[in-house]
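This report concerns only the one structure given below.
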Amino acid sequence: MRAGAEPVAVTGLGMLTPAGLDTAATWETVLAGTACARPVPALAGGPVDFACTIADAFDPLALLGPAARRMDRFTQLAVVAARQAVADATTDVPMGWDPQRVGVVLGTGFAGISTWESQRMRLHADGPQFVSPLAVPSSIANMAAAHISLDQRIHGPSHTVSTACASGTTAIATAVELLRSGRCDVVLAGGAEAAVTALTAAAFHRLGALSTRGQDPERASRPFDRDRDGFVLGEGAAVLLMETLPHARCRGRRPYALLAGHASATDAHHLTNPDPHGRAAEHALRTALADARIEPHQVAHVNAHATSTPQGDAAEAATLGRVFPHAPPVTAVKGATGHLLAAAGALEAAVTVLSIHHGLIPPIANWQQGDPGSDLNLAVNPVKGPLPVAVSESFGFGGHNAVLVLTQP
């Protein structure tokens, strides 16, 4: 472990997902193993017409006021999740932060794709004079982090990262380094994605990545299940408020969990397919554990990436089997929420934090039967018990592998 690489405190959580409009509702739905996929009118007539979307009760104008009109949906989700995380971290315990020592790191992949699609249609139908002057500032990738900074009056570093479906995890890892380095006392970190569009769905379908179980969408996302056939597209945002331990202690805030280690590695194997041997994923896992000064046998729980694709889940299962022969319980949130793409890792990190806090592992929604020969200890029902150490891992197109190690405070 590097000198000075101490753990950081997770003291606030914000979630806006297909499973719920806040952290409590999302946790309750995931814990119940309830799948959220449903037909989506915007996808009607396409090759895949269902997804996991946020409830219609989400009203950006009511929550954000007129500023919502200057934001793409992914930014709206991010700002609301960040507000929730700040409110959670300051419940009964004032923050009193120095805004120059507070940072933001936000992961996204598709950024403002819905804005670009709508403006392209306007250009084609009506001409360039009808393209919105807000098209660029509402949709470019850095705008979620920028709007969080504006909303919270934050003057420290504001970064956007993009490592495909590992982006949320990469953002949290980047935040850890800002805190460990002494540059920041507090960082808001996570991911946001709002890419449930006809074009995105058609493009993923052409890749062969999406489930086509349109006749039974609620059962379409099946992580680690023998009959999985692809992932279910989702949208959402999750933000963690993280502090240095001295900062949290100074204001009397007990953390939900500690983020003790992280690492990343790259497959350099294929643009979209994972390395079937999982060599880089294994390296990231072992390096993250070393960063946290944790031995593999100490890990009590794994929150897996597990998208419900045949190749991806098989490669991940093999890697987990090699690194953790003691077979700790493994869960996969995407059975309930679908795949939130760049926001997935942030959501799953937040769920892992809650698992540690409550001593409770949520089940894998829709799991019925595993792959022949697989010996993973899958959480097919909620698992109770102390969780001193847990791992959350994410993988993304381009061969990105990112791992977080979390511990009890």
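The values are calculated or read from the model by the stated rules, or taken from the named source; none is laboratory data. On a predicted model such as this, the values are computed, not experimentally measured, just so you know. Neighbour counts are summed over all protein chains in view; Cβ atoms, including those assigned to glycine, are modelled from backbone coordinates with ideal geometry.
Put simply, of 149, 138 the only residue that is polar (S, T, N, Q), assigned to a helix (DSSP H, G or I) and modelled with pLDDT of 95 or more is 149. Would you say residue 103 is within 30 Å of residue 250 (Cα to Cα) and of a type in the set (Gly, Ala, Ser)? For residue 103, the condition - within 30 Å of residue 250 (Cα to Cα) and of a type in the set (Gly, Ala, Ser) - is met.
Okay, residues lined up against (1) closer than 19 Å to residue 156 by Cβ; (2) out of contact with any Phe, Trp or Tyr (no Cβ under 9 Å at 6 or more places or on another chain); (3) not in a strand (DSSP E or B):
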| position | (1), (2), (3) |
| --- | --- |
| 190 | yes, yes, no |
| 200 | no, no, yes |
| 212 | no, yes, yes |
| 229 | no, yes, yes |
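So is residue 274 outside the structural domain of residue 43 (by TED's automatic domain parsing), at pLDDT below 95, surrounded by 23 or more Cβ atoms within 10 Å (Cβ to Cβ) and assigned to a loop (DSSP other than H, G, I, E, B) or not?
Spelling it out, residue 274 is indeed outside the structural domain of residue 43 (by TED's automatic domain parsing), at pLDDT below 95, surrounded by 23 or more Cβ atoms within 10 Å (Cβ to Cβ) and assigned to a loop (DSSP other than H, G, I, E, B).
Look at residue 62 and say whether it is farther than 18 Å from residue 168 by Cα, surrounded by 24 or more Cβ atoms within 10 Å (Cβ to Cβ) and not assigned by TED's automatic domain parsing to the domain that holds residue 335. Here the answer is no, as residue 62 does not meet what is asked.
Can you say whether residue 373 is without any contact (Cβ under 8 Å) to a residue 24 or more places away in the chain, farther than 18 Å from residue 173 by Cα and outside the structural domain of residue 240 (by TED's automatic domain parsing), as far as the supplied structure shows? In short, yes.
Among residues of region 78-99 being among the hydrophobic types (A, V, I, L, M, F, W, C) and assigned to a loop (DSSP other than H, G, I, E, B), the one that is surrounded by the fewest Cβ atoms within 10 Å (Cβ to Cβ) is 93. Just for region 165-183: of the residues that are under 11 Å from the mean Cα position of the chain (by Cα) and of a type outside the set (Ser, Thr, Tyr), which one is surrounded by the most Cβ atoms within 10 Å (Cβ to Cβ)? So the residue we want is 168. Scan region 105-163 for residues that are of a type in the set (S, T, N, Q), over 21 Å from the mean Cα position of the chain (by Cα) and closer than 23 Å to residue 196 by Cβ and jot them down. 115, 118, 119, 132, 138 - these are the residues of region 105-163 that are of a type in the set (S, T, N, Q), over 21 Å from the mean Cα position of the chain (by Cα) and closer than 23 Å to residue 196 by Cβ. Listed by position, the helices (runs of 4 or more DSSP H) contained in region 291-369 that have at least 3 residues being of a type outside the set (Lys, Arg), in contact with an Asp or Glu (Cβ under 9 Å, 6 or more places away or on another chain) and modelled with pLDDT of 95 or more are 310-323, 344-358.
Within region 24-37, the set of residues being surrounded by fewer than 24 Cβ atoms within 10 Å (Cβ to Cβ) and touching a strand residue (DSSP E or B) at 6+ places or on another chain (Cβ under 6 Å) comprises 29 only. Comparison of 29, 75 shows that the only residue that is in contact with a His (Cβ under 8 Å, 6 or more places away or on another chain), hydroxyl-bearing (Ser, Thr, Tyr), in a helix (DSSP H, G or I) and modelled with pLDDT of 95 or more is 75. No other residue among 237, 220 is small (Gly, Ala, Ser), under 21 Å from residue 15 (Cα atoms), surrounded by 24 or more Cβ atoms within 10 Å (Cβ to Cβ) and modelled with pLDDT of 95 or more apart from 237. Checked against the criteria, residue 327 counts as surrounded by fewer than 24 Cβ atoms within 10 Å (Cβ to Cβ), more than 19 Å from residue 230 (Cα to Cα) and not hydroxyl-bearing (Ser, Thr, Tyr). Just to be sure before I move on: is residue 45 in a loop (DSSP other than H, G, I, E, B) and assigned by TED's automatic domain parsing to the domain that holds residue 242 in the structure I sent? For residue 45, the condition - in a loop (DSSP other than H, G, I, E, B) and assigned by TED's automatic domain parsing to the domain that holds residue 242 - is met.
Criterion applied to 173, 209, 198 was being among the aliphatic types (A, V, I, L, M), assigned by TED's automatic domain parsing to the domain that holds residue 18 and more than 28 Å from residue 404 (Cα to Cα), and the one residue passing it is 198. Do we have residue 153 as in contact (Cβ under 8 Å) with a residue 60 or more places away in the chain and of a type in the set (Lys, Arg) here? Against the criterion (in contact (Cβ under 8 Å) with a residue 60 or more places away in the chain and of a type in the set (Lys, Arg)), residue 153 does not qualify.
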